[in-house]
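Accompanying notes for the structure given below.
The values are calculated or read from the model by the stated rules, or taken from the named source; none is laboratory data. These numbers were taken from a predicted model, which means no experiment stands behind them. Positions of Cβ are generated from backbone atoms using ideal geometry, with glycine treated the same way; all protein chains shown enter the neighbour counts.
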Amino acid sequence: MVKKLLTFAFGLLMLTGLKAQTDATIAFEDIRYWVGEGSDSAVLIVNFGRPDTAFAWGYLFDDTATVQQMTDAITAADPRFRVEGQPSYYPDGDIFFVIDNGDTLKLSGVDDELSFNYWEANINGQTSYDGASQALVNGDVFKYGDLRAPSRVCLNEMEYEGEIYCLLSAWTKAPTPVSDPNAPVEPQPEEATIAASEVTYWVGQGSNQVVLAVNWADTALAWGYRFSTDSVSVQQVMDDIMAADHRFSWVVGTWGLGDILFSMGANDTLRGVGGYWESKRNGYMDMGMTQMLGNGDFEKWCDPAAGVVVDSMLYDSVWYYTYVYPMEIHPVSDPAGIASVENLSVSVFPNPAAAMVNVTFDALEQTAEAALYDMSGRAVYRRSLAAGSTGVQVPVNQLGEGVYLLRVAGAAAKVVVSR
């Protein structure tokens, strides 16, 4: 029936409407993997249906070529890709692509909703009846599309003997440029951590200790926790830190943890934006609030908005991703500790300040850095100082009101911003 429909003369067809062109394509400059040789170029897009995924390759040639030559060249160059039979219009061929997690994409199976399935083909957004024998010229974009792909839409319908048929399909899924499998493998980002010796704010008492870090979308902070028992739950650690540090809090959600908050002052509060929180113990996913921690453990709550995807898995038609969080972790400053800092050999004036702080100190014996830290331990200003320097001006007009810590060559001073 399918073959018969496609050979009807257009004079016998009653067109029922022409929808706006929506077929997704890709710019040639976005292609990352080119095969073949020549001064002319074309692109192959394959839109699989389960899951709805589109990939794109580039093909180089001279003068003219065919789709068959293009797919043969890609098969020879890319070990993940292969074509069997004639995957166009008739169910006697298929296209396979092995994705990173080892799963193989192919034509979707047949179900009750669609009693047949085959690869449709188009060239530059128009139906290609030639399939693999389709001639290519410079600038062509050829697409194989799975009829059962969720992104498939019909652009041109016809009515024949009371039934509606589709003459022109489009696939709206944006193609992903395939990476070159022979290209050097870029090193994977590493999970950021922080040593207990770098932590400046400790809560609790005892000879055992753990470090708790929270990685928001653009900020990662860490606290230390001491305890005398053999183990302690993550929830206990977070509750005790919340009781000690008025800037820190967590709220209950549908599945336990709803959000983690940290007040930066001046109505600026860190909160989650990724939709959920992932918890890790010593770099591996754990049980979250109920996880028990022992001496020396490193517990980290992570917002996926800050993560880098390093692996993926398709399970039951759903994609699952593995994240790494490489963002530098800053030790939270103890607000009581900052308040007790004396100026030592550093003089700061005016203090409080609204716009600019003048800092003077003994002549530096070598190059050093002046750095201003907020209450969370983040550096909000840095400046290199040459040997022999005796002073520096630090702008504070863009900072929120509050207490800051200034460090210069090992000396420290408290800076208050007030307007």
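Does GLN188 satisfy the criteria of being modelled with pLDDT under 95 and surrounded by fewer than 19 Cβ atoms within 10 Å (Cβ to Cβ)? Please lay out each step first, then the result.
On the way: modelled with pLDDT under 95: yes; surrounded by fewer than 19 Cβ atoms within 10 Å (Cβ to Cβ): yes.
Judged against the criteria, GLN188 is a match.
Pairs needed: first member in segment 383-403, touching a residue at least 24 places away in the same chain (Cβ under 8 Å); second member anywhere, part of a loop (DSSP other than H, G, I, E, B) and basic (Lys, Arg); C-beta distance under 8 Å; at least 6 residues apart or different chains.
Close Cβ pairs satisfying both conditions: GLU401/ARG419.
So which residues in segment 364-401 are hydrophobic (A, V, I, L, M, F, W, C), modelled with pLDDT under 90 and either surrounded by fewer than 13 Cβ atoms within 10 Å (Cβ to Cβ) or touching a Phe, Trp or Tyr at 6+ places or on another chain (Cβ under 6 Å) (or both), if there are any at all?
Answer for segment 364-401, where residues must be hydrophobic (A, V, I, L, M, F, W, C), modelled with pLDDT under 90 and either surrounded by fewer than 13 Cβ atoms within 10 Å (Cβ to Cβ) or touching a Phe, Trp or Tyr at 6+ places or on another chain (Cβ under 6 Å) (or both): LEU372, ALA379.
Can you find a residue that is in contact with a strand residue (DSSP E or B) (Cβ under 9 Å, 6 or more places away or on another chain), closer than 15 Å to TYR144 by Cβ and at pLDDT 95 or above anywhere in segment 33-43?
We begin by selecting, within segment 33-43, every residue in contact with a strand residue (DSSP E or B) (Cβ under 9 Å, 6 or more places away or on another chain); these are 33-43.
Restricting the remaining residues to those that are closer than 15 Å to TYR144 by Cβ gives 42-43.
Filter once more, keeping what is at pLDDT 95 or above: 42-43.
Checking segment 33-43: at least one residue is in contact with a strand residue (DSSP E or B) (Cβ under 9 Å, 6 or more places away or on another chain), closer than 15 Å to TYR144 by Cβ and at pLDDT 95 or above.
Restricting to segment 157-198, what's the tally of residues that are small (Gly, Ala, Ser) and assigned to a loop (DSSP other than H, G, I, E, B)?
Just the residues of segment 157-198 that are small (Gly, Ala, Ser), to begin with: 162, 169-170, 174, 179, 183, 192, 195-197.
Right, trim to assigned to a loop (DSSP other than H, G, I, E, B) and you get 162, 174, 179, 183, 192, 195.
Qualifying residue count, segment 157-198: 6.
Sort out which residues of segment 93-112 are closer than 20 Å to TYR144 by Cα, in contact (Cβ under 8 Å) with a residue 60 or more places away in the chain and acidic (Asp, Glu), and write them in order of number.
Result: ASP103, single match.
Looking at ASP297, ASP286, ASP268, ASP303 in this structure, which one is closer than 16 Å to LEU221 by Cβ and either buried (at least 19 other Cβ atoms within 10 Å of the Cβ) or touching a strand residue (DSSP E or B) at 6+ places or on another chain (Cβ under 8 Å) (or both)?
ASP303
Could you run through segment 402-419 and say how many residues are of a type outside the set (Gly, Ala, Ser), crowded, with 17+ Cβ neighbours inside 10 Å and not in a strand (DSSP E or B)?
Final tally of qualifying residues: 0.
Run SER263 past the list (1) out of contact with any Phe, Trp or Tyr (no Cβ under 9 Å at 6 or more places or on another chain); (2) surrounded by 13 or more Cβ atoms within 10 Å (Cβ to Cβ); (3) modelled with pLDDT under 95 and report the number of the one that doesn't hold.
(1)
Kindly state which strands (runs of 3 or more DSSP E) lie completely within segment 42-156 and contain at least 2 residues that are in the same structural domain as LYS173 (by TED's automatic domain parsing) and within 21 Å of VAL318 (Cα to Cα). Let's see the steps before the verdict.
Numbers: elements: 53-61, 81-86, 92-98, 119-123, 141-146.
Output list reads 53-61, 92-98, 141-146.
Matching residues to (1) within 20 Å of TYR284 (Cβ to Cβ); (2) of a type in the set (Gly, Ala, Ser); (3) touching a Gly at 6+ places or on another chain (Cβ under 7 Å):
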position	(1), (2), (3)
GLY204	no, yes, no
VAL211	yes, no, yes
THR219	no, no, no
SER228	no, yes, yes
GLN236	no, no, no
ASP240	no, no, yes
VAL252	no, no, yes
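Look through segment 97-128, keep the residues that are farther than 25 Å from PRO177 by Cβ and either within 34 Å of the chain's Cα centre (by Cα) or surrounded by 14 or more Cβ atoms within 10 Å (Cβ to Cβ) (or both), and return whichever of them is modelled with the highest pLDDT.
Step one: list which residues in segment 97-128 are farther than 25 Å from PRO177 by Cβ, which gives 109-118.
Now restrict to residues that are either within 34 Å of the chain's Cα centre (by Cα) or surrounded by 14 or more Cβ atoms within 10 Å (Cβ to Cβ) (or both): 109-110, 117-118.
Details: GLY109: 85, VAL110: 81, ASN117: 85, TYR118: 88.
Going through the qualifying residues, I end up with TYR118.
What's the number of the only condition in (1) among the hydrophobic types (A, V, I, L, M, F, W, C); (2) farther than 29 Å from VAL416 by Cβ; (3) modelled with pLDDT of 95 or more that ILE241 fails to meet?
It fails just one condition, (2).
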